[in-house]
Amino acid sequence: MKYIVTLFLIVPQLCFAQLTKQDSLWLPFKHFIGSWTGTGQGVDGKGTYERSYQFALNKKYIQVKNKTVYTPTKENPKGYVHEDFGVISYDKTRKAFVFRQFHIEGFVNQYVLASMSADGKTLVFVTESIENIPKGWRCRETYTVNGANEISEAFDMAEPGKEFESYTKAFFTKSK
């Protein structure tokens, strides 16, 4: 009987417990946590995607892993495999989310969260710096929550002095 009374006292408190400060920090990204598969297309052709977003180091960071396999094309008869990994962190000094992305081709993009829609469903990251590419290039990653288990991504690039142009668009479904 003691156990039943204890359960009645504790369970409601657990259900209405406040989020920790660390959990609250990551609310804009809560939908992304997990594993995703998808398809997309762009400059390199059509591709299949595998991506994951996982908390790392006591929820101080979100680790992002991505692999895209592009089908063979006339320009690239063997196809192409792109991989990148990244880390999203929160810079307390700037009060900004920063996304560092490391590409198999040797590029390192450092983005800052530039905007988020009022409903929190669209997040736009814009590069602050890019390593191993001529000066002046810019990149933009736009992530949109389309449904409970669906997201999309648009990756845009801009040559020095020019406007952003679409490079790839991808659509993902949560696999776990």
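Relative to the current alpha-carbon distance between Lys169 and Tyr80, full extension at 0.36 nm per residue lengthens the span by 30.4 nm.
With +1 on each Lys and Arg Cβ and -1 on each Asp and Glu Cβ, how big is the dipole of the chain about its Cα centre, in debye rounded to the nearest 20? If you can, show how the numbers build up before the last one.
Values: 23 positive and 18 negative charges, 143 e Å.
Here the chain has a charge dipole of around 680 debye.
Find how many whole Å separate the alpha carbon centroid of the stretch 154-174 from the alpha carbon centroid of the stretch 65-130. One Cα centre to the other: 10 Å. The alpha-carbon atoms of the stretch 97-176, seen along their principal axes, cover 39, 28, 23 angstrom, with the largest extent given first. Calculation over all alpha carbon pairs of the stretch 20-174 in 5 angstrom steps from 0 returns a P(r) of 2, 9, 16, 23, 22, 15, 8, 3, 1, 0, 0 percent. Pairs with C-alpha atoms separated by more than 20 Å, drawn from the list Lys121/Lys162; Lys95/Lys135; Lys67/Lys174; Lys60/Lys135, are Lys121/Lys162; Lys95/Lys135; Lys60/Lys135.
To make sure I understand, if each residue's beta carbon is the centre and we count other beta carbons within 10 Å, what order do Trp137, Trp36 fall in, fewest to most?
Values: Trp137 15, Trp36 22.
So the residues, fewest neighbours to most, are Trp137, Trp36.
Applying 0.36 nm per residue to the separation of Glu131 and Lys176 and subtracting their alpha-carbon distance, the gain on full extension is 12.9 nm. Straight-distance candidates among the lysines for linking to Lys74, with alpha-carbon spacing under 18 Å and chain neighbours fewer than 8 residues away dropped: Lys46. Rg/Rh for the stretch 81-128 stands at 1.04; both radii use Cα atoms, and Rh follows the Kirkwood definition.
So what is the relative contact order of the stretch 20-174, in percent, for Cα pairs below 8 Å that sit 6 or more residues apart?
Details: 357 pairs, mean separation 26.0, N = 155.
Across the stretch 20-174, relative contact order equals 17 percent.
Calculated [222 nm] ellipticity per residue, helices only, for the chain: -3000 deg cm²/dmol; basis is -39500 (n - 2.57) per DSSP H run with n ≥ 4, divided by all residues, nearest 500.
Going from the fewest other Cβ atoms within 10 Å to the most, the residues Arg51, Arg140 appear in the order Arg140, Arg51.
FYI, it's all coordinate maths here, none of it is from the lab. This structure is a prediction, so every number in the text was calculated from the model and none was measured. Reconstructed Cβ throughout: ideal geometry from the backbone, glycine too, with neighbour counts over all protein chains shown.
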